[in-house]
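Reading through the structure tokens given below for one structure.
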Amino acid sequence: MCGIAGVIHRDGTADIGAELTAMLQSMKHRGPDSTGYAVYGPADDLVVIRFVLAEPNKSTGFGMEERLERNRAEVESRLAKIGAEVATITSDTGYAFRATIRYGGDLKALADYLEDVPGCEVLSLGSSLEIIKDLGDAETVSGQYRLGSFRGTHGIGHVRMATESEVDLASAHPYWAYPFADVAVVHNGQLTNYHQWRRRLEQHGHRFQSECDSEIIAVYLAEYMARGLSLETAMKHSLDDLDGVFTYVCVTGNELGIAKDEMAAKPLVLFESDPLVAVATEEVAIRSVVKREVETRDPYEREVLVWQV
Amino acid sequence: MPGSGSRSGVSYDARGLVEPHAEMPENIEVDGHRGRFDAAGLTIRQINMALRKLIYNDGITDVTVLNPASKHSLAVGILKRCRIHFEGSPGWFACGLIDGPEVTINGRVGWSVAENMMSGVVTIERGAGSLTGAAIRGGDLIVKGDVGARTGIDQKGGTIIVMGDVGINTGFMMQRGRQIICGNAGANLGDSMYDGAIYVAGKVRSLGVDCVPGEWDDTDTELIERKFRIHGLGDPPEFQKFVCGKQLHNYDALEPSERKLVIH
């Protein structure tokens with residue numbers, strides 16, 4: 001049991017960090033183990049990288065401080081070697097970092113090169129996407145990463161109850177669609193043909209950060225979009241290709257889409273108005289940002305909906 | 001031990017659901033046999049504590065709850081004749097396991113409304129999520145909007161009336177009771193049903209395993225007209241009836257005590 005949420009403002013930027021935090025915190029009962037966000041700030045010429053150098057529960061202890069410092073220096077060195085000019089690099093935790101760089105090269109090569117640094121995992125890469133995830137509930141993670149003041153146009157979030165894998169960052173959502181910029185997914189459900197699709201996508205050169213079935217969806221969609229399909233068409237294909245019970249939300253630089261499997265087995269509630277679309281596993285999350293009685297509905301089976309910024 | 005509680009308190013509550021020290025709300029207004037309170041800012045336990053106090057301790061028979069704000073598990077397990085009005089939308093599991101109350105919800109509800117209801121009436125002015133009326137055993141459940149998937153799954157009695165559309169697997173494994181659907185029905189209607197009847201006025205995307213069109217008789221007309229009259233739903237549209245084809249389950253091999261469950 002997990003909880004997912006998404007918001008998209010179609011009339012400009014808003015406090016999406018605070019909004020998603022309120023939505024996710026209201027669904028804490030669906031999963032207190034970890035919380036994650038994929039948020040989109042205003043795009044500019046810089047590439048934003050979110051990466052970690054250690055799992056939170058393994059980031060302290062004998063020699064870790066020096067090791068993290070050494071590896072951070074190695075990341076900066078590699079960025080310089082690959083031709084990226086670092087504009088900023090900051091950390092809220094000591095193990096999770098945000099960097100902005102000027103870089104016009106291949107993002108896959110960049111991600112692979114950085115992930116060769118011991119402990120390094122690139123959480124997201126793009127012109128506006130930032131994935132932030134950590135252990136604990138939404139208010140804990142939001143406070144840790146100061147997301148309350150994050151402004152942007154759209155974003156998604158996830159609260160996780162660990163049922164089949166570890167309580168760690170690798171198993172926490174959202175998942176970035178490595179190596180495609182600005183694509184991320186949150187998912188509630190189980191994919192039963194996970195291994196089949198993982199092997200298939202690995203044969204196309206993709207690598208996976210986790211053992212989590214949800215990561216498949218992000219890479220699957222991005223792979224199809226890279227072939228020229230729209231997000232909506234790729235999501236409709238996924239209903240035929242992915243087996244299992246699932247509801248997922250996918251975001252790109254300017255879109256947010258939802259999909260439900262053919263059994264409509266996993267919950268999702270939708271609120272749609274001209275300026276705002278909000279989706280969540282439970283209506284209580286929508287009520288945390290739209291504080292009045294509003295018309296909502298449960299999308300039906302095999303329903304795919306996409307909204308643009 | 002994780003997940004366990006104790007007499008003195010709660011040792012582990014990672015999800016923040018337990019409220020061992022919840023206090024009775026102070027904003028309860030009582031006027032004769034009527035009571036009301038504003039649920040804004042109250043926790044689930046506080047709302048249910050106030051409801052139970054009014055109904056069980058104070059003998060109030062007509063309670064209005066303002067601003068339920070989609071909170072879950074409200075008015076669950078009320079086993080007494082009374083009236084409860086929600087001004088706003090409760091969340092999941094509202095009115096589950098009730099036996100007797102007449103509930104009106106001036107809003108929409110989340111998943112599993114009136115689950116396992118034994119008797120009473122629940123009327124929802126707007127739509128409902130999936131698993132609406134799951135496993136109800138008696139009473140009437142009326143939804144004036146659309147509902148999600150698996151309406152009346154495992155239904156064992158009672159009547160579910162939906163004025164709008166229903167989703168996939170409506171009536172899945174229903175065993176008794178009636179469903180009256182005024183809109184369209186999604187795929188797999190009545191899949192693996194044992195008994196009971198489903199009436200649909202709109203289009204049916206597909207029938208489930210062993211669900212077949214049924215023969216209409218006067219008792220069907222009487223039932224539908226009576227239910228629409230009692231609940232003030234206007235004139236009923238024309239319906240098509242669907243029942244169990246009795247080819248899937250081994251009805252001939254039932255024990256005598258079980259046989260009564262499947263004979264019309």
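The values are calculated or read from the model by the stated rules, or taken from the named source; none is laboratory data. The shown structure was predicted, so the numbers you read here are calculated from the model rather than taken from an experiment. Cβ atoms come from the backbone with ideal geometry, glycine included; neighbour counts cover every protein chain shown.
Among the residues of region A:25-45, what is the count of those that are away from chain B (no Cβ under 14 Å) and in contact with an Asp or Glu (Cβ under 6 Å, 6 or more places away or on another chain)? Residues in region A:25-45 being away from chain B (no Cβ under 14 Å) and in contact with an Asp or Glu (Cβ under 6 Å, 6 or more places away or on another chain): 1 in total.
B:Gly152 falls short on exactly one of the conditions (1) surrounded by 24 or more Cβ atoms within 10 Å (Cβ to Cβ); (2) within 14 Å of chain A (Cβ to nearest Cβ), and that condition is (2). Being in contact with a Leu (Cβ under 9 Å, 6 or more places away or on another chain), within 21 Å of A:His29 (Cα to Cα) and in contact (Cβ under 8 Å) with a residue 40 or more places away in the chain is a condition met by at least one residue of region A:249-268. Quick check on B:Arg83: is it farther than 22 Å from A:His29 by Cα and either without any contact (Cβ under 8 Å) to a residue 24 or more places away in the chain or charged (D, E, K, R) (or both)? Criteria met by B:Arg83.
Counting just the residues of region A:263-282 that are of a type outside the set (Gly, Ala, Ser) and over 18 Å from A:Phe246 (Cα atoms), which one comes out nearest to the other protein chains (Cβ to nearest Cβ)? This residue is A:Phe271. Screening region A:36-126 for strands (runs of 3 or more DSSP E) wholly inside it with 1 or more residues that are assigned by TED's automatic domain parsing to the domain that holds A:His187 and surrounded by fewer than 12 Cβ atoms within 10 Å (Cβ to Cβ) returns no ranges. Scanning region A:284-302 for residues that are at the interface with chain B (Cβ under 7 Å from one of its Cβ atoms) and part of a loop (DSSP other than H, G, I, E, B) yields A:Glu293, A:Thr296, A:Asp298, A:Tyr300, A:Glu301. Within region A:150-179, the residues that satisfy the criterion of being at pLDDT 95 or above and farther than 25 Å from A:Met235 by Cα are A:Phe150, A:Arg151. Scanning region B:75-89 turns up one or more residues that are within 11 Å of another protein chain (Cβ to nearest Cβ) and closer than 14 Å to A:Val284 by Cβ.
Looking at this structure, is B:Leu51 farther than 29 Å from A:Pro299 by Cα, buried (at least 23 other Cβ atoms within 10 Å of the Cβ) and away from chain A (no Cβ under 13 Å)? Steps first, please.
Values: farther than 29 Å from A:Pro299 by Cα: yes; buried (at least 23 other Cβ atoms within 10 Å of the Cβ): yes; away from chain A (no Cβ under 13 Å): yes.
Yes: the conditions hold for B:Leu51.
Of the residues making up region B:181-200, those that are within 14 Å of B:Gly245 (Cα to Cα), within 14 Å of another protein chain (Cβ to nearest Cβ) and within 19 Å of the chain's Cα centre (by Cα) number 1.
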